[in-house]
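Just below is one structure, and these are the notes that go with it.
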Amino acid sequence: MKVDLTVNGKDVTADVEDRMLLVHFLRDEANLTATNVGCDTTSCGACTVLLDGESVKSCTVLAAQASGHEVTTLEGLARDGEMHPVQRAFHNEHGLQCGFCTPGMVMAIVSLLKENPHPTEDQVRQGLEGNLCRCTGYHNIVRAALAAADEEKVTA
Amino acid sequence: MIPVAFTYKRAGSVSEALELAAEHGDDAKFLAGGHSLLPLMKLRLAAPEVIIDLSGLRDLSYVTDQGSYVAIGALTRHHDVEHSDLLRREVPLLAHTAGQVGDPQIRHRGTIGGSIAHADPASDLPATLLTLDATLVAQGSDGTREIPVGEFFQGLFETSLEPDELLTEIRVPKPASAGAWSFQKFTQRAIDWAIVGCAVQDSRVGLVNMGGTPLRAATVEAALSDGAAPADAAAHAAEGTSAADDIRATRAYREHLARVLVSRALTEARSRV
């Protein structure tokens with residue numbers, strides 16, 4: 001079937017199998033490979049992207065369901081060569097170790113801060129319950145989220 | 001993991017969804033948020049030939065005040081139930097419980113109607129709506145009918161919905177004392193299903209994952225109406241249940257958890273008012 005998505009502001013159209021998952025569409029059709037497949041069972045959050053501005057796990061959305069909608073991946077966050085405040089906060093706070101969970105963590109935090117621009121540490125930890133870090137490097141990820149919240153103009 | 005091949009149809013209206021369901025019968029499944037069905041399809045535990053996507057039915061996403069009850073469209077997402085000011089005020093148990101389902105990403109997709117129609121006894125919302133004495137509205141080719149929630153859950157993943165019926169609305173009576181609620185959920189990890197859960201509203205008690213369907217703890221409720229203290233009433237929590245023995249917990253452990261969680265929930269509900 002033909003699906004037509006807006007990915008990071010660009011129109012991406014492809015003829016795909018009805019059963020294609022959004023994460024495979026992003027990686028194999030849109031050639032955007034920041035979004036990782038981790039557990040593939042809606043648990044780990046490594047495949048988190050924004051669908052119409054809200055975090056979703058793209059391993060559990062069909063490309064067909066997303067057709068006609070807007071998707072933002074990690075590649076779509078930077079503006080004019082400037083990192084997004086959440087990306088910058090991950091850099092400054094050393095919010096990553098092996099880096100595998102990082103794209104999903106960043107997207108989950110962008111969505112979290114959009115809904116709650118000034119979260120408490122507990123709200124950040126609760127808000128990241130759907131993202132697993134296999135290095136268990138959670139402390140600096142939470143610090144990065146709080147540091148990004150302190151920056152003004154956090155936008156998706 | 002990739003599901004078995006199927007044909008995807010997107011319904012533009014309730015009537016179109018019902019026509020597609022009538023046309024494809026048992027070969028078809030409705031898809032709402034997809035966060036119960038798609039994982040089963042990826043594990044190949046479900047293999048429908050036709051998927052009828054309901055996500056275009058935006059008019060089934062609402063929370064409205066109907067006087068004695070709150071009406072919730074079946075396609076209202078957990079996120080929207082959680083953040084509804086009306087529900088937070090009138091049925092805080094439901095708003096809170098919706099916020100305990102899965103994680104934020106799951107709550108951005110999953111719907112209240114999808115969770116109920118999926119009828120997983122380990123899910124939080126079926127037992128909560130049972131506790132709240134909700135009424136479910138289903139639409140079929142012959143019109144709509146109201147189903148008391150107590151008659152809805154028939155068995156593991158089985159409901160009284162006909163194959164060509166669509167759950168369209170959940171009606172939740174406003175509780176006598178909205179503040180007298182508690183929801184307890186015991187999990188191994190943050191996003192897991194409950195090993196055992198418990199919902200309390202006033203003197204009604206519901207159990208998550210203590211049998212093939214969500215259950216009301218009838219003996220506990222009877223003890224409460226006889227004036228038993230919470231801890232004494234909670235001692236009956238495992239009576240009439242048929243909890244599973246599985247990799248997460250033995251039946252005996254689940255029965256113990258039910259007694260502990262019901263006691264905590266009754267105590268918390270009373271402390272709130």
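Computed from the coordinates by the stated procedures, all read-outs in this text should not be read as laboratory data. Bear in mind that the values here come from a model prediction, so they are computed numbers and not experimental data. Note that each Cβ is placed from the backbone with ideal geometry, even for glycine, and that neighbours are counted across all protein chains shown.
At 20 °C and 1.002 mPa s, grab the translational diffusion coefficient of the protein assembly as shown from Stokes-Einstein with a Kirkwood Rh over Cα pairs, rounded to a whole number in µm² per second. It comes out at roughly 96 µm²/s.
About the centre of its Cα atoms, the stretch A:52-156 shows a dipole size close to 300 debye [charges on the beta carbon of Lys, Arg (+1) and Asp, Glu (-1) only; nearest 20 debye].
Starting from the Cα-Cα distance between residue B:58 and residue B:7, subtract it from 0.36 nm times their residue separation and give me the gain in nm to one decimal.
Details: separation 51, 0.36 × 51 = 18.36 nm, distance 2.20 nm.
That pair, residue B:58 and residue B:7, stretches by 16.2 nm at full extension.
Computed over chain B, the per-residue total of -39500 (n - 2.57) for DSSP H runs of n ≥ 4 gives a 222 nm mean residue ellipticity of -8500 deg cm²/dmol, rounded to 500.
Note on chain B: semi-axes of the ellipsoid equivalent to its C-alpha gyration tensor, largest first and rounded to whole Å, are 31, 21, 16.
Compute the relative contact order of the stretch A:85-150 as a whole-number percentage, counting only Cα pairs closer than 8 Å that sit 6 or more residues apart in sequence. If you can, show how the numbers build up before the last one.
Working: 73 pairs, mean separation 36.0, N = 66.
Across the stretch A:85-150, relative contact order equals 55 percent.
Tell me, what is the percent relative contact order of the stretch A:27-67, built from C-alpha pairs under 8 Å that lie six or more residues apart?
Numbers: 38 pairs, mean separation 11.0, N = 41.
Relative contact order here is 27 percent.
Just name one of B:147, B:101, B:119: the one whose Cα is farthest towards the positive end of the charge dipole of the stretch B:59-173 (beta-carbon charges, Lys/Arg +1, Asp/Glu -1). The residue sitting farthest along the positive end of the dipole is B:101. Modelled this way, with points 7 Å down the Cα-to-C-beta line, the labels at residue B:66 and residue B:19 are 2.7 nm from one another. With Cα atoms as the point set, the radius of gyration and Dmax of the stretch B:181-271 evaluate to 12.1, 38 Å.
With the simple model of a label 7 Å out from the Cα in the direction of the Cβ, residue B:251 to residue B:176 spans 3.5 nm. When the charge dipole of the stretch A:1-111 is built from unit charges on Cβ atoms (+1 for Lys and Arg, -1 for Asp and Glu) and taken about the Cα centre, the candidate among A:107, A:45, A:92 whose Cα reaches farthest toward its positive end is A:92.
When you filter the trypsin sites (Lys or Arg not before Pro) in the stretch B:1-108 for DSSP loop state and at most 13 other Cβ atoms inside 10 Å of their Cβ, you are left with B:44.
Taking amide H as placed 1.01 Å from N in the peptide plane, the amide H of residue B:205 sits under 5 Å from that of B:217, each at least 5 places away or on another chain.
Computed over chain B with a Gaussian network model linking Cα atoms closer than 10 Å, the most mobile of B:227, B:113, B:56 is B:227.
Sorting B:158-170, B:133-145, B:191-203 by their mean Cβ neighbour count within 10 Å, with the most densely packed peptide first, gives B:191-203, B:158-170, B:133-145.
Rounded to 0.05, the FRET efficiency of the residue A:10 and residue B:145 pair, given R0 = 56 Å and the Cβ-Cβ distance, is 0.75.
Set the Förster distance to 51 Å, then compute FRET efficiency between residue A:139 and residue B:225 from the Cβ-Cβ distance, nearest 0.05. Don't skip to the end; give the middle numbers.
Values: r = 49 Å, r/R0 = 0.96.
Calculated transfer efficiency: 0.55.
Against chain B, whose longest principal axis is taken from its Cα atoms, helix B:14-24 shows a tilt of about 70°. In the elastic network of chain A, a GNM with C-alpha springs shorter than 10 Å, the most mobile of A:87, A:97, A:126 is A:126. Using a cutoff of 8 angstrom between alpha carbon atoms and counting only pairs six or more residues apart, the relative contact order for chain B works out to 15 percent.
Ranking A:117, A:58, A:132 by how far each Cα lies toward the positive end of the dipole of the stretch A:40-156 (charges on Cβ) leaves A:132 at the top. Scanning chain A for trypsin sites (Lys or Arg not before Pro) in DSSP loops with at most 16 neighbouring Cβ atoms within 10 Å leaves A:1-133 as the longest stretch between them.
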